[in-house]
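These notes are about the structure you will find just below.
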Amino acid sequence: MANQRNPPGNSPTITDHRFVTASGVLEDAIAAGAFPGCAFGVLAEGEVQLQDARGRFTYESASPAVTSGTVFDLASVSKVVATTAVAMLLYERGQLDLDTRLGDILPEFLRGRDTSDLAREIRVRHLLAHNSGLPPYVEFFRTAFTPSELMSACMRLQLEAEPGTRGEYSDPGFILLGRALEVIMGEKLDTFSSREIFTPLNMEATRYCPSPEILQAIPPTEEDTTFRRRRIQGEVQDENAWVLGGVAGHAGLFSNVPDALRFASEVLDSLASKAAKNNLFQATTIETFEMRQGPANSSRALGWDTPSANSSSGRYFSPRSIGHLGYSGCSLWIDLDARIAVVLLTNRTWPDRKSQLIRQVRPAFHDAIRQAV
């Protein structure tokens, strides 16, 4: 199981002179307005080497300081820490066949479709690999105001390409994947992932829909002036996930650095312990899900991303690495060969979504970390 077992609320700050350059990258990023604050951590050689934080919740001088245990909105990092992890568990338990057609799990997806509609050929594997042919993003929340309305709109989507032929990141694909997994589990994504993943790994800070009493302890992600028309703090920033009640296959999870490192540690330990029975995942499952799925221009594995040209992981993560980004400015990268994991949590969308400096910060930060370890 994971190596770092400290309660998230009492997570120690671990600093090391080796990481001065990496910390400097983040300090410069805050000064440049890339994000007001961040928490970050490194796992290497089976131990947590670094847990630290910089900056504040907002750019105001009186704003609370970020700590190594501060909880952030993970945005699309939810896709691996929750949705993909659930798929991995169901797969190794024999409850999920990656080649099952989506329509066999969700009959509503086929309703009204012609027998020749290529959407009938979408399989679970396509959704995980982001090569289903579904559109990359749809503002369902503009016209769908309840979970059922939004899910129905997603079910009616038309394909933009034949399944398996185009690699294009798709939020709707993971919305549908999350719903399909719930049908297989017979329960909601949040309850299953909490019981089967977060609780066994002592990920006490990780959850969907944070309770009201802790909202102010979470950095805000945005001053929303167009949709909810309020400060978004402690509730999922993604509008489609919000309409879905805060629990969705593509977004909605909140967590902190210690918990993300616990999760990464479990992935690495499971891969190294091929005969172990006390690990959450089997090594063969990780080996299946780490494999790129195609087409040739896609860096996507099953649920996970892998390094590509100009990757956010920088220049030094091995080709055998898996990771994911979040729109809010969060990321998790795990080098399966070097047995190194790096997590960076920020609220780069504060106070609005204009800044794109995170694109330069991430690779520079990861390069500095990898040069240090």
For residue 50, distant residues with modelled amide H under 5 Å away:
42
Count the net charge of all other residues whose Cβ sits under 10 Å from the Cβ of residue 293, scoring Lys and Arg as +1 and Asp and Glu as -1.
+3
Ellipticity estimate at 222 nm from DSSP helix runs (n ≥ 4, -39,500 (n - 2.57)) divided over the chain, nearest 500:
-8000 deg cm²/dmol
Using amide H atoms built 1.01 Å from N in the peptide plane, name the residues 5+ places from residue 16, or on other chains, whose amide H lies under 5 Å from its own.
none
Taking placed amide H atoms and a strict 5 Å upper bound, the residues 5 or more places from residue 123 or on another chain that come that close are 102
A correct fewest-to-most ranking of 208, 137 by other Cβ atoms within 10 Å would be 137, 208
May I ask you to evaluate 6.51 cos²θ - 1.76 cosθ + 1.60, the Karplus curve with θ = phi - 60°, for each residue of region 90-98 and list the ³J(HN,Hα) values in order in whole Hz, giving x for glycine and proline?
5, 4, 6, 8, x, 9, 10, 9, 5
Whole-Hz ³J(HN,Hα) for each residue in region 213-226, computed from phi via Karplus 6.51 cos²θ - 1.76 cosθ + 1.60 with θ = phi - 60°, x for glycine and proline: what do you get?
6, 10, 4, 6, 8, 10, x, x, 9, 6, 8, 7, 9, 10
Rank by packing, highest mean first: peptides 354-361, 110-117, with packing defined as the count of other Cβ atoms within 10 Å averaged across residues.
354-361, 110-117
Cα centroids of region 93-157 and region 278-306: how far apart, whole angstrom?
21 Å
Hey, what do the phi angles of region 317-323 turn into as Karplus ³J(HN,Hα) couplings, whole Hz, using 6.51/-1.76/1.60 and θ = phi - 60°, x for Gly and Pro?
6, 5, x, 8, 10, 10, x
Just rank 79, 188, fewest to most, by other beta-carbon atoms within 10 angstrom.
188, 79
Ranked output for segments 254-262, 362-370, 193-201 by mean other Cβ atoms within 10 Å, highest leading, reads 254-262, 362-370, 193-201
Taking 38, 154 and counting other beta carbon atoms within 10 angstrom, the fewest-first order is 154, 38
Would you indicate which of (i) -0.67; (ii) -0.75; (iii) -0.58 is the value of log10 I(q)/I(0) by the Debye sum over Cα atoms at q = 0.10 Å⁻¹ derived from the coordinates of this structure?
(iii)
Helix 171-185: inclination vs the chain longest Cα principal axis, degrees, rounded to 10, gives 80 degrees
Contact order relative to length of region 1-155, as percent, for alpha carbon pairs under 8 angstrom and 6 or more apart:
14 percent
Between beta-carbons, use under 13 Å as the cut-off and find the net charge around residue 27, counting Lys and Arg +1, Asp and Glu -1.
0
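FYI, it's all coordinate maths here, none of it is from the lab. Since this is a predicted model, take the numbers as computed values, not measurements. Cβ coordinates were reconstructed from backbone atoms using ideal geometry, including for glycine residues, and neighbour counts include every protein chain displayed.
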